[in-house]
């Protein structure tokens with residue numbers, strides 16, 4: 001009886017301590033992102049994927065993924081009639097992501113995008 | 001052996017109980033990983049109800065810790081707040097470089113218009129150098145009115161230390177009259193209630209119950225300036241601050257204390273509608289007194305009998321005027337618009353030449369920075385005004401345009 005109580009106490013204690021010590025504050029963001037079937041991105045389309053903070057442009061040159069994170073301080077730029085605008089500090093970008101005016105000093109970042117064997121578009125953040 | 005097992009088991013159970021108790025006391029965690037830092041922080045666990053501080057500082061991008069400091073992973077209040085910069089005000093000048101600085105933020109180059117911290121630290125609002133020089137001169141501690149001392153040592157000015165002054169009056173000046181600069185210990189009373197550092201002007205004053213408003217703005221109302229200005233006078237006779245004794249009930253009387261003449265636009269507008277950012281925040285150079293940095297005159301906007309006010313047509317998307325109009329969008333300003341400009345080249349971006357009135361005598365449209373109100377006005381040029389072109393100080397305008405109070 002005593003042995004059983006001791007073993008139970010030890011197991012409970014070890015279990016809770018293990019959970020406490022094994023706490024992870026936040027998972028790292030995924031390095032790649034499945035954007036879904038490429039057929040969802042027809043030729044000539046410009047489709048935002050908010051959860052990946054990216055816009056996928058399907059042009060004659062193929063698929064282009066532009067990050068919607070402003071290269072100035074990291075706010076998410078908004079799509080406007082003629083390109084992109086940062087709501088935080090007023091930087092603006094042309095439709096192809098090139099810098100129109102600051103305070104940002106560089107264009108929107110172009111991210112690697114590939115079509116998988118299964119026909120899905122895969123976005124690589126790094 | 002059995003005895004040791006009992007002790008170990010008991011300790012493990014005790015530890016488990018402690019952990020479960022702590023978890024029960026801990027609120028459900030709200031995590032945030034700001035884009036700028038990429039480091040998780042748990043401040044929103046307790047502060048989720050705070051409004052966004054400004055459009056330029058969204059919490060998803062900045063988080064809290066990059067400005068406020070503090071322990072990002074702590075959820076126990078004392079621990080979380082233990083390393084905050086400047087207490088509740090990270091813009092205190094003693095910590096502002098760490099909180100608000102950075103070349104992409106507010107301590108970049110003058111060319112990029114981001115040298116705010118350097119300009120403010122050398123401004124008279126922070127150094128109080130003009131008042132210190134004048135009072136030291138008045139009591140014989142220095143031979144001229146050249147600024148040599150500052151509240152804090154900066155750019156060749158040494159820190160003013162009243163305890164090292166021989167004159168009892170200067171010692172009293174140090175005790176009684178240093179309540180206005182940006183690092184000052186405030187006088188007691190809600191009329192003096194404000195923050196220090198950048199927030200002295202750019203954040204609403206704390207409420208009377210001590211709670212604060214989480215906000216940064218460039219739409220600075222006159223009432224914000226009045227927490228320091230127009231609250232009374234310092235007297236060299238007894239080296240004391242004498243609060244104003246009237247109790248104004250309207251803006252006309254509240255704006256300025258009743259010792260001076262002024263015109264309608266001097267109280268209809270807010271202080272920042274006339275006084276420029278360089279006047280208020282400094283231009284990066286040290287000045288001996290307020291008169292040297294304060295250069296706006298009536299003619300800056302109204303011109304004279306023989307000349308129109310200076311204007312400038314915006315040519316480029318990157319110009320300062322457009323940046324300022326973006327931050328405080330009281331005016332829809334665009335490339336090609338003609339705005340007023342000061343003699344030092346500062347854009348008065350909120351005053352535009354009205355396009356449909358481009359004729360012999362133009363008309364200008366001013367949008368007040370604090371309220372966005374649109375006000376049209378014409379220049380002196382071509383009017384029946386008797387103002388002489390060589391008499392441009394406000395007192396000459398007051399001869400005809402002073403308002404009765």
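Given a cut-off of under 8 Å on Cα pairs at least six residues apart, what relative contact order in percent is computed for chain B?
Details: 623 pairs, mean separation 44.6, N = 405.
That works out to 11 percent.
When all C-alpha to C-alpha distances in the range A:28-124 are sorted into bins of 5 Å, what percent of pairs does each bin hold, rounded to whole numbers?
Binned Cα distances yield the sequence 3, 14, 25, 23, 17, 12, 5, 1, 0.
Would you tell me the mean number of C-beta atoms belonging to other protein chains that fall within 10 Å of each C-beta in A:69-75, as a whole number? Please report the intermediate quantities before stating the final value.
Working: counts 2, 2, 0, 1, 10, 10, 9.
Mean shielding count: 5.
Starting from the exponent 0.38 and prefactor 2.2 Å, build the expected Rg for the range B:68-163 from its residue count and divide its actual Cα Rg by it.
Cα-based Rg divided by the globular estimate yields 1.42.
What is the projected area of the convex hull of the Cα atoms of the range B:243-359, averaged over all directions, in nm²?
Dividing the Cα hull surface by four gives the mean projection, 10.2 nm².
Cα axis of helix B:129-138 to longest principal axis of chain B: angle in degrees, 0 to 90, nearest 10?
70
What is the ratio of the Cα radius of gyration of chain B to 2.2 N^0.38 Å, where N is its residue count, to two decimals?
Working: Rg = 26.3 Å, N = 405, 2.2 N^0.38 = 21.5 Å.
In units of the 2.2 N^0.38 Å rule of thumb, it is 1.22.
If each DSSP helix of 4+ residues adds -39,500 (n - 2.57) and the sum is divided by the residues in chain B, what number results at 222 nm, nearest 500 deg cm²/dmol?
It lands at -7500 deg cm²/dmol.
Which values of log₁₀ I(q)/I(0), to two decimal places, follow from the Debye formula for the protein assembly as shown at q = 0.09 Å⁻¹ with a uniform point scatterer at every Cα?
-0.85
Which one, B:53, B:132, B:331, has the greatest fluctuation when you compute a Gaussian network model over chain B with C-alpha springs under 10 angstrom?
B:53
If I take every Cα pair under 8 Å that is 6 or more residues apart in the range A:28-124, average their sequence separation and divide by the length, what percent do I get for the relative contact order?
27
If R0 is 51 Å, what FRET efficiency do you get for residue B:81 and residue A:116 from their C-beta distance, rounded to 0.05?
About 0.60, to the nearest 0.05.
With N set to the number of residues, divide the alpha-carbon radius of gyration of the range B:295-371 by 2.2 N^0.38 Å and report two decimals.
On the way: Rg = 12.1 Å, N = 77, 2.2 N^0.38 = 11.5 Å.
Output field value: 1.06.
Rounded to a whole number of µm²/s, how large is the Stokes-Einstein D of the range B:82-234 at 10 °C and 1.306 mPa s, given Rh as the Kirkwood radius over C-alpha pairs?
Here the translational diffusion coefficient equals 95 µm²/s.
Need the C-alpha centroid separation for the range B:352-405 versus the range B:160-229, integer Å.
Going from one Cα centre to the other spans 33 Å.
Only Cα pairs within less than 10 Å get springs; with that Gaussian network setup on chain B, which residue of B:355, B:72, B:184 has the largest fluctuation?
Of B:355, B:72, B:184, the Gaussian network model singles out B:355 as fluctuating most.
Quick note: the coordinates plus some simple rules give every number you see, no bench work behind them. Note that the structure is a prediction, hence the values are computed from the model and not measured. Ideal geometry is used to build each Cβ from the backbone, glycine not excepted, and the neighbour counts take in all protein chains shown.
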